[in-house]
Amino acid sequence: MKPFLELSQIGKTYPTPAGPPAVIVENFNLRLRKGEFVTLIGHSGCGKSTVLSMIAGLTEPSTGGMILAGREVAGAGPDRGVVFQAPCLLPWFTAFENVMLGVDQVYYTADAEERRQIAEYYLSVVGLGEAMHLRPASLSQGMRQRAGIARAFALSPKLLLLDEPFGMLDSLTRYELQEVLLDLWQRNQKTALMVTHDVDEALFLSDRVVMMTNGPAATVGEVLEVGFPRPRSRAQLLADPAYYALREQLIGFLEERSHLRPVAAPPPAVPPPSRPAASRRPLQRLLGALTAA
Amino acid sequence: MKRLKLDWLILPLFGLAVILAAWAISSATWASNLPSPLKTWESSRDYVLQPFAKRGEMDQGILRFTWYSLVLVAQGYALAVLVGTPIGFLLGLSRTFARTFDPLIQILRPVSPLAWLPLGLVLFLNTGKEAGTYGALFTIAICSMWPTVLNTAVGVRAVPQDYLNVGRVLKLSRWKMLTRILIPATLPYMFTGFRLSLGIAWLVIVAAEMLTGRPGVGGFLWQEYNSLIYEHIILSIIVIGLVGFVLDRLMSLLESRFKTA
Ligand SMILES: Nc1ncnc2c1ncn2[C@@H]1O[C@H](COP(=O)(O)OP(=O)(O)O)[C@@H](O)[C@H]1O
Ligand SMILES: [Mg+2]
């Protein structure tokens, strides 16, 4: 099966005033299936945002190329909805107007009433039905991020890109918004790539966790399958011993192996689509690794 | 709390008293041509108490003169804002434009209104009787334009990259990028520039009216100096200062309204 998003040999270097250019990301390969939720995890400063921003088209990659839904990607566009870490709502617009700015761009054939309904729909799905006509200054941090999520989904993009969208929220709000996100993702059958540094968030949300090695010249280190059946509930996950094994593996990578370069750097294989079957595989891999050691 | 309130009232009054005393003593001792505060008041009373009277071309109530000056300043200032804001945007948006014109702006900026005015008169010499008006407008505009130009340029350069990225992700057209993102984001800077520009425009009016002999508070000042009525110089200075202060306050109010955006 052809991947929905394919990154091949993506790299980013920045020129330095003196000396050799700084290699931030190198040989980054990743394939996403349609409808998949993948998280990207790694130490702060390793280049996660750089990768995301290259996919969004906001940063030009120095090497490599990417294909989204069969087409080469060049430049930014509303086919990739971005949720930024700081929600980046325009402060002179209300939440509704912020969403409308994108809706007007994407649904330019629809009439004004239809566009208004689209914006209102997404705003009420994320729980801003009452507050959509407030400016960001009168919204809480969490409500702003809700609006940010509504803005991204309202574009009805092929791909969702999220850069630590919940990083600045308290944990209760974070849990709430994770569910909002998961619900929207499931309803709209979107493909999503999200950057996080939160291990539990990664496991709760994603089908696969891509672990990045430390910079400079960061790349894909290991990839973890998260095969828990959907829809997921936090309680059910916490009751599953497999959850802790995966968690350990993730933390083990971040603490011990993230500085190691991948041995052969094989392009990650597209995993089989059967999700429940995949749930045992990480455990087996863990066991395999233990017996091999 | 009470103390604070008293401070607010008493200290400025005390400051005023000190200045009045220094003024009275000076006029009684070393500056014998300086009219005393009392004499100044007596000779200015008609102008202040009938502020809108018109007794002759150069003999009118002080607020009437002030009004003439304000109208001229408003025109010149409007010109400065209309020309200066787009220049500021170009400077902020285009590196090439900035490289080309920045040195020129740095050189023109410190030139005094007294130097611009004759050039303005020459420029509009062929308009005949109106040359004075156009020359004055030109001078006010070109002198007061720079804070608007420079602050707008700084504001455009300071638009957060995140906001621009929002525009890029949405593939906004140039026009929408300008009206939905760049202008609103730059507005607070623009208003700082507008406020400073208005201050300068008001500063220039006196020079412009003096040299062109137009009726107005500055022209009045110069005429009364030539007629040896020194009390009215002081009256004019006080009025010019008060008007400038009020204008600045009004612009500050406007500016703070846009700060929240
Ligand atoms: N414009 C730039 N010029 C030079 N270096 C940059 C630039 N942007 C990011 N970097 C560097 O790239 C590295 C990765 O940054 P980033 O992608 O933001 O990391 P992460 O999101 O994983 O925390 C950092 O070391 C940062 O200093
Ligand atoms: Mg980052």
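The values are calculated or read from the model by the stated rules, or taken from the named source; none is laboratory data. Being a predicted model, the structure only gives us computed values, none of them experimental. Glycine also receives a Cβ, built like all others from the backbone with ideal geometry; neighbour counts cover every protein chain displayed. Each accessible area value is taken on the protein alone, full model and side chains, heavy atoms only, with ligands, DNA and RNA left out. Shrake-Rupley method; radii C 1.70, N 1.55, O 1.52, S 1.80 Å.
A few points about this structure:
- Residue in the stretch B:128-137 that is farthest from B:Leu79 (Cα to Cα), counting only those that are touching a residue at least 40 places away in the same chain (Cβ under 8 Å) and not hydroxyl-bearing (Ser, Thr, Tyr): B:Gly132
- So A:Arg257, is it open to solvent by 50 Å² or more (accessible area, probe 1.4 Å) and modelled with pLDDT under 85: yes
- Residues within the stretch A:88-134 that are buried (at least 18 other Cβ atoms within 10 Å of the Cβ), at the interface with another protein chain (Cβ under 10 Å from one of its Cβ atoms) and in a loop (DSSP other than H, G, I, E, B), tallied: 5
- The number of residues in the stretch A:84-127 that are basic (Lys, Arg) and under 20 Å from the mean Cα position of the chain (by Cα) comes to 0.
- Qualifying residue in the stretch A:32-50 (condition: open to solvent by 50 Å² or more (accessible area, probe 1.4 Å) and more than 16 Å from ligand 2 (Cβ to nearest atom)): yes
- Lone qualifier among A:Gln178, A:Gln186 - being polar (S, T, N, Q), outside any strand (DSSP E or B) and open to solvent by 20 Å² or more (accessible area, probe 1.4 Å): A:Gln186
- Condition check for B:Pro215: more than 14 Å from chain A (Cβ to nearest Cβ) and either within 15 Å of B:Tyr77 (Cα to Cα) or open to solvent by 20 Å² or more (accessible area, probe 1.4 Å) (or both): yes
- Evaluated against (1) open to solvent by less than 30 Å² (accessible area, probe 1.4 Å); (2) more than 8 Å from every other protein chain (Cβ to nearest Cβ); (3) more than 16 Å from ligand 2 (Cβ to nearest atom), A:Ala69 falls short on exactly one condition, (1).
- Any hit, the stretch A:95-106, residues being in contact with a Ser or Thr (Cβ under 8 Å, 6 or more places away or on another chain) and at negative phi: yes
- Residues of the stretch B:44-62 satisfying the condition of being in contact (Cβ under 8 Å) with a residue 24 or more places away in the chain and open to solvent by 40 Å² or more (accessible area, probe 1.4 Å): B:Val48, B:Glu57, B:Met58
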